[in-house]
Amino acid sequence: MKISSLNRLPLMLTAVAGLLVASGCKQENKAPAGDTAEAAAPAKKPVVRLVYVNWAEGVAMTHLVQAVLEDRMGYQVQTTMADVAPVFASLANGDADAFLDGWLPVTHKSYMERFQGKVVDLGTNYEGARIGLVVPADLDITSIEQLNGKKQALNETIVGIDSGAGIMTTTEKAIKEYGLELKLVPSSGPAMTAELKDAVAKKRPVVVTGWKPHWKFARWDLKFLEDPKGVYGAAESIHTLTRVGLEKDLPDVAALLRNFKLDDQQLGSLMGAVSDAEDAPEKAVREWMKQNQALVDGWIPKA
């Protein structure tokens, strides 16, 4: 039988009403939408606080670990740059969680002794580090003992970094041990490399407080001056240091930090990428992560 359009309308309304009732009946046995969303929401993770000094390797490693924690482990990360003394004090006071650039056994020995029992050493993240006095490779001296003979050409100056750095304390000791007639001038890591860049470009003599790993050795032809008195010590290692209690409070973060290790090639490429990126280290480290995915995967603790 053919139904007119007018007669069809009540039937359609009745059908729609039936669907709505049926739909409403199905919802009765479900939890309210708000409760479902709340139950499904993961627990909020605490902020991880990383501190670092404005040294090339520390900047690069800190931003890399920040990206791993944020992108791969779901943490929020707060980074703070400071001089060495405040960095160690913040770990000892529990105001920061981790510092990735502890040089041992020589450079940061005094800080480790001062804060003994208040700072935890999670082990090395880079082997074969060293500090000393660095000059252009074509400067015709090979030893710290020969610096006085170049003092006028060097403007009686050793270009240093931030005054609280361990290498600055060691260099003051070297000046006394070798009887150097040069003054150590504090600056910063970036200021030191800027002075080095200018000197190399103009082919003028310069001596700086230097350390390896650092991208400057890949960019310019440089050399460490020999240290026959052993003031700067032998090769060192870079250690990951944390506040007391981090392993208990955030075991997966501590596990990542224990697993985090780089060799010379890996750290060199990371530092070069960050240096070339200038003011965008976050972008540089994430691109590096993509290119070194298997390495990064190996750091992340398994659930």
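Observations, loosely collected:
Residues are listed down the side, and each one gets a yes or a no for (1) at pLDDT below 95; (2) of a type in the set (Gly, Ala, Ser); (3) in contact with a His (Cβ under 8 Å, 6 or more places away or on another chain); (4) farther than 22 Å from Gly58 by Cα:
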{"residue": "Gly189", "(1), (2), (3), (4)": "yes, yes, no, no"}
{"residue": "Thr209", "(1), (2), (3), (4)": "no, no, no, no"}
{"residue": "Leu225", "(1), (2), (3), (4)": "no, no, no, yes"}
{"residue": "Leu262", "(1), (2), (3), (4)": "no, no, no, no"}
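- Hits in the stretch 197-220 - residues which are surrounded by 16 or more Cβ atoms within 10 Å (Cβ to Cβ) and farther than 17 Å from Gln152 by Cα: Val200, Thr209, Gly210, Trp211, Lys212, Pro213, His214, Trp215, Lys216, Phe217, Trp220
- Subset of the stretch 143-185 (residues that are in a loop (DSSP other than H, G, I, E, B) and under 24 Å from Ser110 (Cα atoms)): Gly160, Ile161, Asp162, Ser163, Gly164, Ala165, Gly179, Leu180
- Residue in the stretch 227-243 that is crowded, with 21+ Cβ neighbours inside 10 Å, closer than 20 Å to Glu195 by Cα and at pLDDT below 95 present: no
- One residue alone among Leu196, Leu184, Leu241 is in the same structural domain as Ala273 (by TED's automatic domain parsing), touching a residue at least 24 places away in the same chain (Cβ under 8 Å) and in contact with a strand residue (DSSP E or B) (Cβ under 7 Å, 6 or more places away or on another chain), and that residue is Leu241.
- Those strands (runs of 3 or more DSSP E) of the stretch 57-142 in which at least 3 residues are surrounded by fewer than 18 Cβ atoms within 10 Å (Cβ to Cβ), considering only elements entirely within it, cover 77-81, 119-136.
- The conditions of being of a type outside the set (A, V, I, L, M, F, W, C) and surrounded by fewer than 15 Cβ atoms within 10 Å (Cβ to Cβ) are met by Lys183.
- Every condition in (1) within 30 Å of Leu241 (Cα to Cα); (2) surrounded by 15 or more Cβ atoms within 10 Å (Cβ to Cβ); (3) among the hydrophobic types (A, V, I, L, M, F, W, C) is met by Ala194 except one, and the failing one is (2).
- Applying the set (1) in a helix (DSSP H, G or I); (2) within 14 Å of the chain's Cα centre (by Cα); (3) closer than 29 Å to Phe115 by Cβ to Leu262 leaves exactly one unmet item: (1).
- Of everything listed in (1) in a helix (DSSP H, G or I); (2) at pLDDT 90 or above; (3) closer than 28 Å to Lys183 by Cα, the single unmet condition for Leu267 is (3).
The values are calculated or read from the model by the stated rules, or taken from the named source; none is laboratory data. Owing to the predicted nature of the structure, the values given are computational and were not obtained by experimental measurement. As a convention, Cβ positions derive from the backbone with ideal geometry for all residues, glycine included, and neighbour counts pool all protein chains shown.
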